[in-house]
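The values are calculated or read from the model by the stated rules, or taken from the named source; none is laboratory data. In this text the structure is predicted, and so the values were computed from the model without any measurement. No Cβ is skipped: glycine too gets one built from the backbone with ideal geometry, and neighbour counts run over all protein chains shown. Heads up: the accessible areas ignore ligands, DNA and RNA and are worked out on the full protein's heavy atoms, side chains in. Shrake-Rupley method; radii C 1.70, N 1.55, O 1.52, S 1.80 Å.
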Amino acid sequence: MTPEFATDVLVIGLGPSGACTALALADQGIRVHAISRANWLADTPRAHITNQRAVEVLRDLGLEEEARKYATPWEWMGDTLFTTSLAGPEIARLRTWGTGEERIGDYLQASPCTMLDLPQTHLEPLLVKHAAARGASLAFNTEYRTHTQDDSGVTTTLRDRLSGREYTIRSRYLVGADGARSRVVEDAGLTITGQHARAGTMYVLFSADLAHLAAHRPSILYWIVTDSASFGEIGQGVLRAIRPWNQWIAGWGFDLAQGEPQLSEAQIIERVRVLVGDPKLNIRIDMESIWYVNQAWAPDYARGRVFCAGDAVHRHPPSSGLGSNTCLQDAHNLAWKLAYVIEGHAGPGLLDSYSLERAPVGEQVVARANQSRLDYAPLNACFRDPNAAQPVRAGLASLADPGPEGVARRERLAEALRLKHYEFNALGTEANHRYVSPAVIADDALPEEVWKRDRQLYAQATTRPGAKLPHAWLVGSDGRRVSTLDLVGKGRFTLLTGLAGQPWAQAARALNLPFLRVLVVGEEGALDPYFNWARLREITEAGALLVRPDGVVAWRQSVAAKDAGDAQVQLRAALQSILAH
């Protein structure tokens, strides 16, 4: 007898969000089938900046150490340069991605993970390999056509692009992770708000040994300000290190009104040589691509049994490096909820929380990425004199002028660079999400959160429901340090308390739920000799936190329970509310 459902979850797309969803579901033993229209995975190293929250997702899935093998390490992401060419005189530098002395402590306190530069060409195979190894089924050269849903499942029509055969597959749920031109979003009737193709950029992937120009000042991004005629009025390009220091991307904008640039290989090589500053540089052009700046997002990520994630629902430029990070976090949020509903641990109402939690994050990311592009305007103004016959040359000359005009221009440049911290050192933008949904039980006794420092620049650790559990170093049974984040997650809820909170621990154990673990800070394996957790927990030692599988605090009790019976009543009620049972 043929089962009604060929798979529990069908995932359309194997980009970061689709591959991560497939992996996280397979990791929990859920039947998942994921397809890709392409013959393989990402063919260009598009997304690359991998922030701490995204690395925490990889850590939770057991992939952090392997990811480091393919990534440019944090310390090499370093200084972002503004220069006349890679070989030419520098104009300014900015300590970025938290590597500067003023910010490195903030980043080290926020997470057990450092940032990485992990190009999409390495991230996707890593996710897909482990998804398959853990039980996900995969199909390439397979095209999504359409879907229909009913009260019990989704019927999706697919097409084998090699044979042309169309067929249907029945699943309990459908996940659309099919990118910025998502057919699933369209067929599901989800609305996309905003504007597409606000600007255009040409990227050229090339190979050349530039170690002599870059290894002593390691960075991921080198912004080039040039008066070369080949760049016309644009006067600017970027060199991005892909594999230090012999594989690179050269990028520059183009005028949408004139259509996509049609450049010969000789013209492309000329432009790359200008950016590098070496007219005889030996270059191998590996690939050319065009991409457009979008400012669009979906206010709602779900319709019935269909859920969308990643670029399908938030479309924006790479500025601020938020793209693949947000995709991974969408997947991490959605996968455990689908798994719990399928396994019967939760009611279908739990899935309503996905869109409520992630859509505001997507809207914020789209706004921030586009604002980061706009924030280059004050910087670019410092490099140009619009009234001169050669604006860039005159502007750069003025920057070097020892007189009053030079002083004023340099002061403006310093201020313009400070503004770019909101793109390159925006730890708060990456870490300060606060979820509001039925999957979080608000602490009504709490006043509104007060931000002690700039919310976009600085992470604020808190155990308030809706926030990510703070990172604190504990000491494990083997004497090695272990993060609080390592002792939660991995597909399970965690009841976290202290030595004085034994009633909470007894209550959680008495419930005997397969998806609920108990963590008592102060017991063997979770000692707090630094008293870091005592400083961060914001509750008494006898209080309790209920932490979701995605590391988010779902419920908090600041003080002791009367006894184990009282604790069990409270804990059971909290779980029933969160899990929509």
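Points to keep in mind about this one:
- Dimensionless Rg ratio for region 112-267, taking C-alpha atoms and the 2.2 N^0.38 Å reference: 1.45
- Rh (Kirkwood; distinct C-alpha pairs) - the chain, Å: 25.4 Å
- Classified by the C-alpha gyration tensor, region 227-357 has a prolate form. Its axis ratio a/c, with a ≥ b ≥ c, is 1.5 or above, and a/b is larger than b/c.
- With every protein chain in place and a 1.4 angstrom probe, the accessible-area ranking of ASP444, ASP566, largest first, reads ASP444, ASP566.
- Cα gyration tensor category, rounded, prolate or oblate, for region 287-336 with a/c compared to 1.5: prolate
- Note on region 422-467 and region 314-369: Cα centroid distance 16 Å, given to the nearest whole angstrom.
- The base-10 log of I(q)/I(0) for region 113-166, evaluated at q = 0.22, 0.23 Å⁻¹, reads -0.96, -0.97 [Debye formula, identical scatterers on Cα atoms, solvent excluded].
- Computed E for ASN246/LYS562 - FRET, C-beta separation, R0 51 angstrom, nearest 0.05: 0.20
- Nearest-20 debye value, region 102-222 charge dipole, Cβ charges on Lys, Arg, Asp, Glu: 220 debye
- Inter-label distance, nm, simple model (7 Å from Cα along the C-beta direction), ASN512/VAL407: 8.1 nm
- Subtracting the Cα-Cα distance of TRP451 and GLU265 from 0.36 nm times their residue separation leaves 61.8 nm of extension gain.
- Accessible area (Å², 1.4 Å probe, nearest 10) - MET287: 60 Å²
- Only helices enter this figure: runs of n ≥ 4 DSSP H residues, each worth -39500 (n - 2.57), summed and divided by the residues of the chain, yield -9500 deg cm²/dmol at 222 nm to the nearest 500.
- Backbone N within region 453-487 under 17 Å of label point (7 Å from GLU102 Cα along the Cβ vector): 453-459
- Net charge dipole, the chain: roughly 320 debye, given to the nearest 20, about the Cα centre with Cβ charges of +1 for Lys and Arg and -1 for Asp and Glu.
- Shape annotation for region 1-154: C-alpha extents along the principal axes are 71, 34, 28 Å, from largest to smallest.
- Cut-off 17 Å, label 7 Å out along Cα→Cβ of HIS216, residues of region 258-290 by amide N: 277-278
- Surrounding net charge for GLY179, when Lys and Arg each add one and Asp and Glu each subtract one, Cβ distance under 10 Å: +2
- Distance between the 7 Å Cα→Cβ label points at ALA132 and ALA400: 5.5 nm.
- Over region 345-449, all Cα pairs binned in 10 Å intervals from 0 give whole-percent P(r) values of 12, 27, 21, 16, 11, 9, 3, 0, listed from short to long.
- Whole-percent carbon and sulfur share, accessible surface of the chain, 1.4 Å: 51 percent
- The alpha-carbon of LYS562 sits under 16 angstrom from the alpha-carbons of these aspartates and glutamates, leaving out residues fewer than 8 places away in its chain: GLU541.
- Dimensions of region 401-504 from C-alpha coordinates, computed as largest minus smallest value along each principal axis and given longest first, are 72, 39, 26 Å.
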